[in-house]
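Asks: The structure under discussion is supplied below as structure tokens; questions concerning it will follow.
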Amino acid sequence: MTAKSPLSGRNIVLGITGGIAAYKSALLARLLVKAGAEVQVIMTPSAREFITPLTMSTLTGRPVITEFFTANTGEWHSHVDLGLWAHFFVVAPATACTIAKMATGVADNMLVTSYLSTRARVFVAPAMDLDMMAHPSTTRNLETLRADGVTIIEAAEGELASHLCGKGRMAEPAEIVAALEAAAAPETTLAGHHVLITAGPTVERIDPVRFISNFSTGKMGYAIAEEAAARGARVTLVSGPVALHASHPAISVVHVESAREMLEAAQKAFPDADIAIMTAAVADYAPATVEQHKIKREHTPDCRLHLTANPDIAATLGAAKRHGQLLVGFALETDNEEQNARDKMQRKNLDLIVMNSLQDAGAGFGTDTNKITVFRADGHTSRYHLKSKAAVAADILNEIEQCAHSQA
């Protein structure tokens, strides 16, 4: 028997805007209907140039709304009623234009007017060319939407309609459905639990303008934080310097810079935590001394740094771990991956370790995808194929919950 989808019986407004990725909206609508949802499509006028209302109406079983009223009958479409009807409000694809209108409240079409009227949880799946995606105005608008509580389903990297390659492809329909199902799912075993997560790089200062760090962007840690919060957990996210924002209200972010600051923050939160997940890429070394003034090449032609080892945050928490706490580590390896990961799990008293390899395309720093293997202290091993980091976050938390059940 197939498990019932959490979206069964949910009302979903699906907004479609004028981009080539609109063709994916047909499959998205089909998957939502198959999951048992009622789907009402709203199309912007330009969206009709890419996919027809007839296609979407046939797939959803409901007339598609494109204007404020039907021209031949004068029937008025109430954006207020639509907004109140919806349990979820999804815009996929979301062009740069529509994102800008949503962020600034330019309600000149039925879709944006309905968005401004809805009380539903809103999801946006951007789709555009890579330069538009990276433009400061788009970045600002997405940050505004996040601050307003909108969940951004990150665009993927790949070949775009311009035949350039980069970030801007709309997330696949199955990934969007998975994000909605996670939001609609009832609370799991994480409800009422406190989860501590470290994320991003640490920065070790050399002088006022230079530092030692690494290429971590924090995407994996932030994705896990969002997923844990969506499952009912109270999350403390200790974050190194990243260009990310946590959107879920159950996430409390503690911003730090250095490894020692991250250790201090983690130690403060750890005694009350039920689960600690160490995703941060902590710098192994820091300069022994930090210069108070900028080092001048003219004055110091031969500059040598004396580095000292930073504290091992995972090992420190592992030594302090009490009965019933779960401690999860990460291992980014380049060689002898499995043995190194298992050794690290044992040395640091971890319950699970998540391994990924820089040799796997699409895994590692800066990507929107990851490919992981999860080792448990009880000997259980799970291997996963390449997925979006949001999907990987769900896999990791499923593993943690299974581990918690086995230890109960």
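Asks: Pairs under 7 Å by beta carbon, first residue modelled with pLDDT under 95 in the range 222-241, partner charged (D, E, K, R), six or more apart or different chains?
Replies: From residues that are modelled with pLDDT under 95, the pairs are ALA223/LYS389; ARG231/GLU187; GLY232/GLU187.
Asks: Against the condition under 23 Å from THR381 (Cα atoms), modelled with pLDDT under 95 and in contact with a helix residue (DSSP H, G or I) (Cβ under 7 Å, 6 or more places away or on another chain), how does GLU333 come out, does it pass?
Replies: Details: under 23 Å from THR381 (Cα atoms): yes; modelled with pLDDT under 95: yes; in contact with a helix residue (DSSP H, G or I) (Cβ under 7 Å, 6 or more places away or on another chain): yes.
Against the criterion (under 23 Å from THR381 (Cα atoms), modelled with pLDDT under 95 and in contact with a helix residue (DSSP H, G or I) (Cβ under 7 Å, 6 or more places away or on another chain)), GLU333 qualifies.
Asks: Now a separate question. Determine if the range 232-245 includes at least one residue that is within 12 Å of the chain's Cα centre (by Cα) and open to solvent by less than 30 Å² (accessible area, probe 1.4 Å). First the steps, then the outcome.
Replies: The first filter runs over the range 232-245 and keeps only residues within 12 Å of the chain's Cα centre (by Cα), leaving 244-245.
So of that shortlist, the ones also open to solvent by less than 30 Å² (accessible area, probe 1.4 Å) come out as none.
There is no residue in the range 232-245 that is within 12 Å of the chain's Cα centre (by Cα) and open to solvent by less than 30 Å² (accessible area, probe 1.4 Å).
Asks: OK, next. Restricting attention to the range 101-110, which residues are surrounded by 21 or more Cβ atoms within 10 Å (Cβ to Cβ), assigned to a helix (DSSP H, G or I) and not aliphatic (A, V, I, L, M)?
Replies: Within the range 101-110, just LYS101 meets the criteria.
Asks: Could you pull out the residue among ASP108, ASP81, ASP129 that is under 17 Å from VAL39 (Cβ atoms) and out of contact with any Asp or Glu (no Cβ under 6 Å at 6 or more places or on another chain)?
Replies: ASP81
Asks: Can I ask one more? So which residues in the range 216-230 are of a type outside the set (A, V, I, L, M) and within 19 Å of ASN356 (Cα to Cα)? If you could, list the steps in order and put the result at the bottom.
Replies: Keep residues of the range 216-230 that are of a type outside the set (A, V, I, L, M), which gives 216-219, 221-222, 226-227.
Once the filter is applied, which keeps residues that are of a type outside the set (A, V, I, L, M) and within 19 Å of ASN356 (Cα to Cα), the range 216-230 yields SER216, THR217, GLY218, LYS219, GLY221, TYR222.
Asks: What is the one condition in (1) in a helix (DSSP H, G or I); (2) within 26 Å of LEU327 (Cα to Cα); (3) open to solvent by 40 Å² or more (accessible area, probe 1.4 Å); (4) out of contact with any helix residue (DSSP H, G or I) (no Cβ under 8 Å at 6 or more places or on another chain) that GLU226 does not satisfy?
Replies: Tallying (1) in a helix (DSSP H, G or I); (2) within 26 Å of LEU327 (Cα to Cα); (3) open to solvent by 40 Å² or more (accessible area, probe 1.4 Å); (4) out of contact with any helix residue (DSSP H, G or I) (no Cβ under 8 Å at 6 or more places or on another chain), GLU226 fails exactly one: (4).
Asks: Restricting to the range 145-161, name every residue that is open to solvent by 30 Å² or more (accessible area, probe 1.4 Å) and over 16 Å from the mean Cα position of the chain (by Cα).
Replies: ASP148, GLU159, ALA161, listed by residue number.
Asks: Among the residues of the range 162-173, count how many are open to solvent by 70 Å² or more (accessible area, probe 1.4 Å), assigned to a loop (DSSP other than H, G, I, E, B) and touching a residue at least 24 places away in the same chain (Cβ under 8 Å). Write out each step before concluding.
Replies: As a first pass, look at the range 162-173 and keep what is open to solvent by 70 Å² or more (accessible area, probe 1.4 Å): 163-165, 169, 172.
This time we only want the ones that are assigned to a loop (DSSP other than H, G, I, E, B), so: 163-164, 172.
Add one more test, that the residue is touching a residue at least 24 places away in the same chain (Cβ under 8 Å), and what stays is 164, 172.
Adding up the residues that qualify gives 2.
Asks: Which pairs have Cβ atoms under 6 Å, sit 6 or more apart or on different chains, and link a residue in the range 111-129 that is open to solvent by 30 Å² or more (accessible area, probe 1.4 Å) to one that is part of a loop (DSSP other than H, G, I, E, B)?
Replies: From the range 111-129, the pairs are LEU116/ALA107; ASP129/LEU160; ASP129/SER162.
Asks: Take PRO249 and tell me if it is touching a Leu at 6+ places or on another chain (Cβ under 9 Å) and in a loop (DSSP other than H, G, I, E, B).
Replies: Considered against the rule, which asks whether it is touching a Leu at 6+ places or on another chain (Cβ under 9 Å) and in a loop (DSSP other than H, G, I, E, B), PRO249 comes out as no.
Asks: Looking only at the range 1-44, filter to residues that are assigned to a helix (DSSP H, G or I) and over 15 Å from ALA125 (Cβ atoms); which one of those is least open to solvent (accessible area, probe 1.4 Å)?
Replies: Only one residue fits best here, namely VAL33.
The values are calculated or read from the model by the stated rules, or taken from the named source; none is laboratory data. Since this is a predicted model, take the numbers as computed values, not measurements. So basically every Cβ, Gly included, is an ideal-geometry build from the backbone, and we count neighbours across all protein chains shown. The accessibility values were calculated without ligands, DNA or RNA, using every heavy atom of the protein model including side chains. Shrake-Rupley method; radii C 1.70, N 1.55, O 1.52, S 1.80 Å.
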